[in-house]
1. Report the label-to-label distance for residue 29 and residue 43 in nanometres (one decimal), using points 7 Å from each Cα along the Cα→Cβ vector.
2. Just read off the accessible area of residue 42 with the full protein assembly in place, 1.4 Å probe, to the nearest 10 Å².
3. Work out how much length residue 52 to residue 2 would gain on full extension: take 0.36 nm times their residue separation and subtract the Cα-Cα distance, in nm to one decimal.
4. According to a simple spin-label model (label point 7 Å from Cα along Cα-to-Cβ), what is the distance in nm between residue 86 and residue 17?
5. What number, rounded to the nearest 500 deg cm²/dmol, is the helix-based mean residue ellipticity at 222 nm of the chain, given -39500 (n - 2.57) per DSSP H run of at least four residues and division by all its residues?
6. Pick the calculated Rg/Rh (Cα atoms, Kirkwood Rh) for this structure from [x] 1.14; [y] 1.01; [z] 0.93?
7. How do 3, 61, 99, 8 rank by accessible surface area computed with a 1.4 Å probe, from largest to smallest?
Amino acid sequence: MRRKIEDRLLELGIKPNLNGFGYICDFIELIIDDEERKFKMMYLYSFVAKKNKTTSTSVERAIRHAISKINLECWNERYVHSTRSNLTNAEFLYTLALRIKQED
């Protein structure tokens, strides 16, 4: 699963040297495993932060920075057409997780 997530991020233009790259992978794995959608974003941020020995704020900021680097044309073609130039972390993470899950 992680390989598939990494491939999608690379396709979107997110570089693997960004901290947010790994955090997004961790986050999406958690979302996909959370069948009942019972976990809130703040719980997921803290879980990823603990796993990576950092803070929730750092995780949130790094993910936001990584998302700002995506190729919006690719995102619009492959995932969701949007006229907005900025995506929220939740929109990006849950949409990408859903699409990856649908591919399985």
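1. Modelled inter-label distance: 1.9 nm.
2. 130 Å²
3. Numbers: separation 50, 0.36 × 50 = 18.00 nm, distance 1.59 nm.
So the chain would gain 16.4 nm between residue 52 and residue 2.
4. Inter-label distance under the simple model: 2.6 nm.
5. Value at 222 nm, helices only, nearest 500: -21000 deg cm²/dmol.
6. Given [x] 1.14; [y] 1.01; [z] 0.93, the structure-derived one carries the label [z].
7. I get 3, 61, 99, 8, largest accessible area first.
The values are calculated or read from the model by the stated rules, or taken from the named source; none is laboratory data. Since this is a predicted model, take the numbers as computed values, not measurements. Counting neighbours? That spans all protein chains shown, and the Cβs are built from the backbone with ideal geometry, glycine included. Calculation scope for accessible area: heavy atoms of the full protein, side chains included, ligands and nucleic acids excluded. Shrake-Rupley method; radii C 1.70, N 1.55, O 1.52, S 1.80 Å.
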